[in-house]
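Engineer: Dumping the structure here so I can ask a few things about it.
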Amino acid sequence: WLNPLFKIGYQRKLKQDDLYSVLPEDRSQHLGEELQWYWDQEVLRAKKGVQEPSLIKAIVKCYWKFYFVLGLLTFLEEGTKVVLPIFLGKIISYVENYDPANSAALREAYGYAAGLSACVLVWAVLHHLCFYHIQRVGMRLRVAVCHMIYRKSLRLSSSAMGKTTTGQIVNLLSNDVNRFDQVTMFLHYLWVGPLQAIAVTALLWMEIGISCLAGIAVLIILLLQSCVGNSFSSLRSKTAAVTDDRIRTMSEVITGIKTIKMNAWEKSFIDLITRLRREEISRILKSSYLRGMNLASFFTVSKIMIFVTFITNELLDNLITGSQVFVVVTLFEALRFSSTLYFPMAVEKVSETIVSIQRIKNFLSLDEIPQLNTQLPSDAEMMVDMQDFTAFWDEESESPTLKGLSFTVRPGELLTVIGPVGAGKSSLLRALLGELPPSQGKVSVHGRIAYVSQQPWVFPGTVRSNILFGKKYEEERYEEVIKACALEEVSNAF
């Protein structure tokens, strides 16, 4: 199914229309609304009690059923890796004690060979099936959380905007949500890994006796050294805070680049950004050292376990056969991925993900603009009516932003509001739009109103899409708007 895409890409550069559409069940709107429902339920439950809402509980309730099934398949996959050495040992034992006249042993050997082949086939199928669906769960969770963060950023109140920054929101969308892709891949090995280690220990005991405990002891010591979950969690928390500062500083520098250039402040800001970046890199470097320890244990621990086990077996004067050697080596190799790579990675990713979830939860818990329905049907007598209106941007502030305002605007009237900076002119307009909730009084708007913000802005797209703003294109009406806004020259230039 990829061949047609490769063929098109060979002939010309690929365009967005050439790619396949996203599956309906993987669309952002569907995934985001599903997780948002569970989060809203968690917020309502927290309001009834005294504890804070838990984003982890909302995620678990949303995805636990399918992910639990994948956990059982992962357990079955790792189980085949434990059973496989048993069949291998039986086949080698048959070769060691080969007897041409023993037809029963030959039939058993065929059975063991069939079992060995079946284990390899089942493992290959389950391995790719599990990893595909587990990665898909991580992708769907990441998309759902991105949808929630974006939706929340559009609804933040002015007081909440003071508690976060653009840099933090960008960091949440670019770094924190990526933890979900990683943690879902390894999370099941937190319980599959220890269970597999117990099963392997039991089989090794049956094969070579007490000397197997020496190799398992090496595994436990190295795992205790590598599973420094608190260190990963602490470093992730500190790194995220420094990254937020750096992105916020860069955003402010880009916004005010003209002022910086006019005052020749480049050197000072370069030093500031370099210092923040150096601090961020030092934290990332420490995390990389710890991650390197985990990978080093993965490459060395299986060889060390095998070496220590056979040395201990020799010191105890125990005899060992060729089939036992193959079984012991294969069993230790079965532990190589699940216990020395996936288990430490699971500890690392869970520690980092808990920090990221806490950061995302704090952002989702910020105050939103209340959905005030101030618009009423058209009235020939009245357009805007405000009676004894008092409101606060900051509820903790003692002085209100607007206090005791009362006025009425009728159709055809021109009302001009004047006053010094900070008098509340913009806040009055925000109150009419329903973005400033009243603490006292009421405001009502009859019919439709147009609002022109103080700061001009455009969204990515064509000039026509910025003018139409989602409405249907009508050529005559469109030309009237172009002429009224004196945009004929701009329109002709494009």
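The values are calculated or read from the model by the stated rules, or taken from the named source; none is laboratory data. Just so you know, these numbers come straight off a predicted model, no measurement behind them. For neighbour counting, all protein chains shown are included, and Cβ atoms are generated from backbone atoms with ideal geometry for every residue, glycine included. Calculation scope for accessible area: heavy atoms of the full protein, side chains included, ligands and nucleic acids excluded. Shrake-Rupley method; radii C 1.70, N 1.55, O 1.52, S 1.80 Å.
Engineer: Provide a single number: the residues in the range 8-20 that are under 25 Å from Cys146 (Cα atoms) and either among the basic types (Lys, Arg) or modelled with pLDDT of 85 or more (or both).
Structural biologist: 1
Engineer: Sticking with this one: Need a quick list: helices (runs of 4 or more DSSP H) entirely within the range 158-271 having at least 2 residues that are on the phi < 0 side of the Ramachandran plot and crowded, with 17+ Cβ neighbours inside 10 Å.
Structural biologist: Result: 166-171, 178-186, 189-208, 212-226, 229-255.
Engineer: Which residue out of Val458, Val443 is among the aliphatic types (A, V, I, L, M) and assigned to a loop (DSSP other than H, G, I, E, B)?
Structural biologist: Residue meeting the stated conditions: Val458.
Engineer: Failed condition for Ser399, given (1) more than 24 Å from Asp367 (Cα to Cα); (2) open to solvent by 50 Å² or more (accessible area, probe 1.4 Å), with all others met?
Structural biologist: For Ser399, the failing item is (1).
Engineer: So which of Ile284, Ile306 is in a helix (DSSP H, G or I) and closer than 25 Å to Thr164 by Cα?
Structural biologist: It is Ile284.
Engineer: Could you give me the residue pairs with C-beta distances under 9 Å whose first residue belongs to the range 408-423 and is touching a residue at least 12 places away in the same chain (Cβ under 8 Å), whose second residue is hydroxyl-bearing (Ser, Thr, Tyr) wherever it lies, and which are 6+ apart or on separate chains?
Structural biologist: Listed pairs, sorted by first residue: Pro411/Ser378.
Engineer: Name the pairs whose Cβ atoms lie under 9 Å apart, with the first residue in the range 33-56 and on the phi > 0 side of the Ramachandran plot and surrounded by 15 or more Cβ atoms within 10 Å (Cβ to Cβ), the second at pLDDT 90 or above and not in a helix (DSSP H, G or I), and 6 or more positions between them or separate chains?
Structural biologist: Listed by first residue and then by second, the contacts come to nothing, as the list is empty.
Engineer: Could you tell me whether any residue of the range 351-370 is aromatic (Phe, Trp, Tyr) and modelled with pLDDT under 80?
Structural biologist: No, the range 351-370 contains no residue that is aromatic (Phe, Trp, Tyr) and modelled with pLDDT under 80.
Engineer: Tell me whether the range 72-86 contains one or more residues that are more than 29 Å from Phe343 (Cβ to Cβ) and not small (Gly, Ala, Ser).
Structural biologist: no
Engineer: For the range 461-479, what are the residues that are in a helix (DSSP H, G or I), open to solvent by 100 Å² or more (accessible area, probe 1.4 Å) and closer than 29 Å to Val409 by Cα?
Structural biologist: Arg477, the sole residue that qualifies.
Engineer: When the residues of the range 403-448 are filtered to those that are in contact with a strand residue (DSSP E or B) (Cβ under 8 Å, 6 or more places away or on another chain) and open to solvent by 80 Å² or more (accessible area, probe 1.4 Å), which remaining residue is farthest from Phe392 (Cα to Cα)?
Structural biologist: Per the stated criteria, the residue is Arg448.
Engineer: Counting only residues that are among the polar types (S, T, N, Q) and open to solvent by 30 Å² or more (accessible area, probe 1.4 Å), which one in the range 272-308 is farthest from Lys238 (Cα to Cα)?
Structural biologist: Thr300
Engineer: Within the range 198-254, take every residue that is among the charged types (D, E, K, R) and more than 30 Å from Thr330 (Cα to Cα) and give me the one that is modelled with the lowest pLDDT.
Structural biologist: The qualifying residue modelled with the lowest pLDDT is Arg236.
Engineer: I've got another one for you. Out of the residues in the range 309-340 that are under 35 Å from the mean Cα position of the chain (by Cα) and open to solvent by 30 Å² or more (accessible area, probe 1.4 Å), which is nearest to Trp205 (Cα to Cα)?
Structural biologist: Here the residue is Glu333.
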